[in-house]
Amino acid sequence: MKKIFTTLSLFILIFAFAPIANAQFSLGIKVAGNYSNYIDRSDFFYGGDAGIFMRLGDRFYFQPEVNYSFRSSNLKEIVTEVSDNIRLKQHFVDVPLMLGYHFIDNENFKFHIFLGPRIGVRIGSNIDEIADLDMSNQRMQWGGQLGVGLDFWRFTLDARYDFSANKFMLSDQSTGMWKQNMVILSLGFKIVK
């Protein structure tokens, strides 16, 4: 909880001092669909994101975000002791810190690429309800994101790939170590432009 508070405080501090800087500033909200799987697993499962973002800069920019993320997966493919197809549902607070560049940058239309690290904190899961497994020591998730996007008027449309840097093992019955990867499609609206 302390780490979430620190991250949110940093975000608010950056927001408070951004108008003072000479850089272009925008603030917005976004919603997204995510499709996640685990390495060496073929099936993707749906989820969703919602959050806020801030963008500082013009042609080169910095974009921190704070997002709520819901992810799901098929537990049978991960833990061999589970005989049914049981959906594992997890809830995260994610903080991506993106650096981007606008290749096409005119008044009505912008095309950009971006990449950066992502820190995630698992805030909930149904793991206790569906199996006798302990994930309490695996709350933090580190990774990165890279993607492309379009800005038009006050809207931003992004497609990004999210990869986890840390591996997890649910229990001794797990079929090895696994990492979660996601494809995220998002639509954002700049409230302040």
inquiry  = If you take every residue apart from Gln145 with its C-beta less than 11 Å away from the C-beta of Gln145, what net charge results, scoring Lys and Arg +1 and Asp and Glu -1?
reply    = -2
request  = Just grab the label-to-label distance for Ala50 and Phe189, each label 7 Å out from Cα along the Cβ direction, in nm (one decimal).
outcome  = 1.3 nm
note = Net charge near Gly51 (other residues with Cβ under 15 Å of its Cβ; Lys, Arg +1; Asp, Glu -1) is +1
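All of the numbers you see were taken from the coordinates with simple rules; none came from a lab. From a predicted model like this one, the values you see are computed outputs, not experimental measurements. Note that each Cβ is placed from the backbone with ideal geometry, even for glycine, and that neighbours are counted across all protein chains shown.
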